[in-house]
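What follows is one structure encoded as structure tokens, with my remarks underneath.
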Amino acid sequence: MRPRVTGRVPISVTVNGVKKEAEVDPRLLLVHFIREDLGLTGTHVGCDTSNCSSCAVLMDGRAVKACTVLAVQADGREILTVEGLSREGELHPIQEAFLAKHGLQCGFCTPGMLMSAYALLKENRHPTEEEIRKGISGNICRCTGYVQIIESVQQAARSKKW
Amino acid sequence: MIAGGQSLIPLLKLRLASPSLLVDINRIPGLNRIEESEDFLRIGALTRMTEIEKSALIKEHYPSIHDASEVIGDPLVRNLGTVGGNIAHGDPNNDMPSVMLALGGELVAVGPAGERAIKARDFFLDTITVALNHDEILTEVRVPRWRPGSGGCYLKLEQKVADFATAGAAVQVRLAKGGTCEEIGIGLTAVGPTAIKARKAEDWMRGKLASDSAAVQELGRLAAEESDPSMDLRGSPVYKKRVVALLVSRAFGRACERAGGAT
């Protein structure tokens, strides 16, 4: 007989600074935990095949595809979603820059773009265009052609509001 | 068994794999070190690609590993994807296996019977099949320690970021004073059922001048002959063999530059 885990697993995940305790199926993906259990629907499921990174969140400070991590693997870790970027109703400078520079059209990929841009600028406050292109190379946008997204990230890098 | 999960979770979602039990090894301590010992560069199997990409030691002395770490998946994949997973998965489309073949690397397996080191050239048995026993896990990846006059390069042609390679080539050389190619290792990605060690091409180049452009062209041709690509959306076998020839010649040139030799 092979052992079989069928029960739910308790996890404790800090999401946007708030500790969340839950019991989840071992097979549950992190993105579904974030969207369905926590109701944070800013994190989008774009492709569900690990290609598009619309579901990007930060786990312990690094951008990951929330559709390619199990919720149980986030136990004890810190997650930052797009909802965690703004503070006290004020948009984050990256969000402001995307607004000002029209770094989106339909907006579906935008949460993931914002999180990848945030991860990049957190490590490198003055990236070159090449570094920006590399930094968001995992995120697919089917509307913009990326030019205005790159300009948005450049504007965010120049912002004094950080 | 799940480490970075960047190959396995997509397989689970597509129902191409449905294990009844999944063991997460991410919390095993001590498997994410990058260090040099007397004989080897040793990389813990759980080391993320991003850590490899950032390692100054690897960039300086093991540039083919650095090259590969920059082109595997995309930045988000590299934040979780591990060097051990890229190798133990046994996918011929993965980039690190050919780099290990070129560098003459060893894979360290641990199981109930203890620890053993398996040469990279004996490790890749067939597609998604490697020399690990069912009760063993890969704990460490190691390559011979850098020596003066050595250089390497990994080149990959991909249609878009995060796609598998149309073809990839890893070349490692050691040049003697005067520019003779003393040692050479060549590994090929995505052009056969496993990563391929291009032995005939290696034998051809050993002892020849690295600056002999006719010899380097023949090196590429021989490596292409040893490849066995299949027809898919990335191209025909004929096209892919031409890509292999070009990538091997170019990677050889870059490896020699990095080794400090004139080409």
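We did not get these values from a lab; they are worked out from the coordinates using the rules stated. All values reported here derive from a predicted model rather than from experimental measurement. Note: ideal-geometry Cβ built from the backbone for every residue, glycine included; neighbour counts use all protein chains shown.
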Can you give the Kirkwood hydrodynamic radius of the stretch A:9-84 from its Cα pairs, in Å with one decimal? 11.9
How long, wide and thick is the protein assembly as shown, going by the Cα atoms along their three principal axes, in whole angstroms, largest first? 68, 58, 43
Determine the principal axes of the Cα atoms in the stretch A:93-158, then give the extent along each, sorted from largest to smallest and rounded to whole angstroms. 28, 23, 17
Past the 30 Å Cα-Cα mark, which pairs from B:177/B:200; B:54/B:160; A:101/B:13? A:101/B:13
Against the globular-protein guess of 2.2 N^0.38 Å, express the Cα radius of gyration of the stretch A:60-111 as a ratio, rounded to two decimals. 1.37
Using θ = phi - 60° and the Karplus relation 6.51 cos²θ - 1.76 cosθ + 1.60, list the HN-Hα couplings for the stretch B:113-124 in order, rounded to whole Hz, with x at every Gly or Pro. 7, x, 10, 9, 9, 10, 5, 4, 5, 9, 8, 8
In debye to the nearest 20, the charge dipole size for the stretch A:9-84, taken about the Cα centre with +1 at each Lys and Arg Cβ and -1 at each Asp and Glu Cβ, equals 200
Could you give the dipole magnitude of the stretch B:79-124 about its Cα centre, charging the beta-carbon of Lys and Arg +1 and that of Asp and Glu -1, in debye to the nearest 20? 100
So, with points 7 Å from each Cα along the Cβ direction, the residue A:130-residue A:160 label distance in nm works out to 3.1
What GluC sites (Glu not before Pro) does the stretch B:1-63 have in DSSP loop regions with at most 10 other beta carbons within 10 Å? B:38
Taking alpha-carbon centroids only, the stretch A:100-132 lies from the stretch A:55-80 a number of Å equal to 18
Is it possible to state the helix-based mean residue ellipticity at 222 nm for chain A, with each DSSP H run of 4+ residues giving -39500 (n - 2.57), the sum divided by total residues, to the nearest 500 deg cm²/dmol? What is it? -7500 deg cm²/dmol
If each DSSP helix of 4+ residues adds -39,500 (n - 2.57) and the sum is divided by the residues in chain B, what number results at 222 nm, nearest 500 deg cm²/dmol? -9500 deg cm²/dmol
From the Cα trace of chain B, what convex hull volume per residue do you get, rounded to a whole Å³? 120
Once every Cα of the stretch A:9-162 carries one equal point scatterer and solvent is ignored, give the base-10 log of I(q)/I(0) from the Debye formula at q = 0.12, 0.17, 0.19, 0.20 Å⁻¹, two decimals. -0.47, -0.92, -1.12, -1.22
C-alpha long axis of helix B:237-258 to longest principal axis of chain B, angle in °: 80
List the GluC sites (Glu not before Pro) within the stretch A:72-162 that fall in a DSSP loop (any state other than H, G, I, E or B) and whose Cβ has at most 16 other Cβ atoms within 10 Å. A:88
Out of B:112, B:56, A:97 - ranked by how far each Cα lies towards the positive end of the dipole of the protein assembly as shown, with unit charges on the beta-carbon of charged residues - the top one is A:97
What is the magnitude of the charge dipole of chain B about its Cα centre, with +1 placed on the Cβ of each Lys and Arg, -1 on the Cβ of each Asp and Glu, and no other charges, expressed in debye to the nearest 20? 460
I want to check the label-to-label distance for residue A:83 and residue A:20. Put each point 7 Å from Cα in the C-beta direction and report it in nm to one decimal. 0.7
Compute the long axis of helix A:147-158 from its Cα atoms, compare it with the longest principal axis of the Cα atoms of chain A, and write down the angle in degrees, 0 to 90, nearest 10. 90
What ranking do A:45, A:18 get, fewest neighbouring Cβ atoms within 10 angstrom at the top? A:18, A:45
Among B:134, B:66, A:126, A:102, which comes first, then next, by fewest other beta-carbon atoms within 10 Å? B:134, A:126, A:102, B:66
What is the mean projected area of the alpha carbon convex hull for the stretch B:157-258, to one decimal in square nanometres? 6.2
